[in-house]
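Here is the structure we will look at, set down as structure tokens.
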Amino acid sequence: MVRIEDYASIVGESEVEGIKQLAELVKGEKVAHVNATPYGGGVAEMLNRIIPLARSLDIDANWQTLKGDAEFFTITKKMHNALQGNQGVAIGEAEWKHYFDTVRFNSSVLNLEGDVVVIHDPQPLPLIDYRRGGKWAWRCHIDTSSPNASVWDPLMELIRRYNIAIFSLERYIPKSLDTQVLIDYPTIDPLATKNAKIGISEIEKVLNRYGVDPARPIIGQVGRFDPWKDPLGAMEVYRMVKGRIGTAQLVLIGSFAKDDPEGKEWYDKAMAFAAKEKDIFVLTNLDGVGDFEVNAFQRAFSVALQMSKREGFGLTVTEALWKGVPVIGTRAGGIPLQVIDGTTGYLIGNYQEGAEKAVLLLKRPWLARELGQNGMRHVRLNFLITKGIMNYLRMHIELVGKRN
Ligand code: UDP
């Protein structure tokens, strides 16, 4: 079982002590989290770790997920795309009705009792209609800096009814939102199977199992198969690198999330591209690539790519940096907060630049090492779960007040 004390060797005694003191003030309080999927994607990743940690601090935290049919998740994915800026998306009347009906059904099966109820992302947003008490927080994990108004405006009516709305970056906060807001950076757990240290021989075993050569350079991208993550862009970059460094390999790892109906289509596109090029490995959770394997591959990357066109925050970037791997990424979403250009990796504007920076790092391993070390420090100071739990505790105290 996880214990807050286990983090002291990573973040220091005083940070752990501070968390324990805050937790004392919230002890015994009930907190309910609701999101759309139990696995796949960053939200599930974080809840999976933060709930047990909160419970270990004697907070009565639970995590529940929505139930919905394929149509519901197709609608909510359209919504997600619209909020991330796809102006072409329109949600019809029947679709809105199905969305609200599905959430209403969920309101009768979920336990929405809590001193604080945290609703994640747009899928369960209308649950606020069924609030029976407590303070309600809406936690938005996506990039809402230039949303499609036809979808965003009706959702804003719901958001306004929450006690607080939490965003990953300041520029995601809608100007017209008059409720209380909070910025909270997403975080990773250094003790999770996904991020914990593993030995070189274990790493090599994983690579060998999938036919990846540990002795040759590996460029990698981890991310759902989704147009926003631009997996094909990662392949374009690789193709250019391969022209200059013939030994390079590309590992593309993507999963199929329960709430993401677009996964298969983009996986097929990636497979079709890979069939035309040498040394590209497209791997998924269905090939047995789980947390441990993702960890092993990320540690084996010479350089990690994050070619996202839109990105809420980009936990995959955090994970790579934490493993001492420099990241070449776009300027989307939370990537520039993590990739400090020339310090923890490189920010790029197009595939050509991505390839140039990748070649630079593959040819200068000492430079890659230095950027990777800086990245690790940056994550330790800003994006570990201890910061995440501290923010939740502070928010709780702010909303509910201190326990006597
Ligand atoms: N992930 C994974 N396997 C995959 C693809 C992604 O385990 O094949 C994990 C990844 O390690 C990260 C999360 O899913 O922890 C993705 O979070 P991120 O913020 O990068 O993107 P999101 O999917 O939430 O848009």
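The values are calculated or read from the model by the stated rules, or taken from the named source; none is laboratory data. Bear in mind that the values here come from a model prediction, so they are computed numbers and not experimental data. For neighbour counting, all protein chains shown are included, and Cβ atoms are generated from backbone atoms with ideal geometry for every residue, glycine included. Please note that ligands, DNA and RNA were not included when accessible areas were found on the heavy atoms of the full protein model with its side chains. Shrake-Rupley method; radii C 1.70, N 1.55, O 1.52, S 1.80 Å.
Details
- Condition check for Gly388: assigned to a loop (DSSP other than H, G, I, E, B) and either touching a Phe, Trp or Tyr at 6+ places or on another chain (Cβ under 9 Å) or under 24 Å from Asp143 (Cα atoms) (or both): no
- Leading residue by the ranking (farthest from Gly312 (Cα to Cα)) among those in the range 214-226 that are more than 13 Å from the ligand (Cβ to nearest atom) and open to solvent by 10 Å² or more (accessible area, probe 1.4 Å): Ala215
- Answer residue from the range 227-240, given it is surrounded by fewer than 23 Cβ atoms within 10 Å (Cβ to Cβ) and aliphatic (A, V, I, L, M) and is nearest to Val206 (Cα to Cα) among those: Leu232
- Scanning the range 266-289 for residues that are within 14 Å of the ligand (Cβ to nearest atom) and either under 17 Å from Pro217 (Cα atoms) or surrounded by 13 or more Cβ atoms within 10 Å (Cβ to Cβ) (or both) yields Trp266, Tyr267, Ala270, Phe281, Val282, Leu283, Thr284, Asn285, Asp287, Val289.
- The residues listed here are Arg161, Arg139, Arg171; of these, the one that is over 25 Å from Gly68 (Cα atoms) and of a type in the set (D, E, K, R) is Arg171.
- The set of residues in the range 245-265 being assigned to a helix (DSSP H, G or I) and either open to solvent by 40 Å² or more (accessible area, probe 1.4 Å) or without any contact (Cβ under 8 Å) to a residue 24 or more places away in the chain (or both) consists of Lys264, Glu265.
- Selection status of Thr37, of a type in the set (Ser, Thr, Tyr) and not in a helix (DSSP H, G or I): yes
- Flag for Ile10 being open to solvent by less than 30 Å² (accessible area, probe 1.4 Å) and either more than 18 Å from the chain's Cα centre (by Cα) or modelled with pLDDT of 95 or more (or both): no
- Restricting attention to the range 310-329, the residues being charged (D, E, K, R) and modelled with pLDDT of 95 or more number 2.
- The residue that is nearest to Ala274 (Cα to Cα), among those in the range 186-208 that are within 16 Å of the ligand (Cβ to nearest atom) and among the charged types (D, E, K, R), is Lys194.
- Of the residues Leu25, Leu47, the single one that is over 30 Å from Val289 (Cβ atoms) and touching a residue at least 60 places away in the same chain (Cβ under 8 Å) is Leu25.
- The residues of the range 118-127 that are open to solvent by less than 10 Å² (accessible area, probe 1.4 Å) and over 21 Å from Ala54 (Cβ atoms), listed by number, are Pro122, Leu125, Pro126.
- Checked against (1) loosely packed, with under 14 Cβ neighbours inside 10 Å; (2) free of Cβ contacts under 8 Å to residues at least 60 places away in the same chain, Gly211 meets all criteria but (2).
- Flag if Ala90 is touching a Ser or Thr at 6+ places or on another chain (Cβ under 7 Å), crowded, with 16+ Cβ neighbours inside 10 Å and closer than 22 Å to Pro227 by Cα: no
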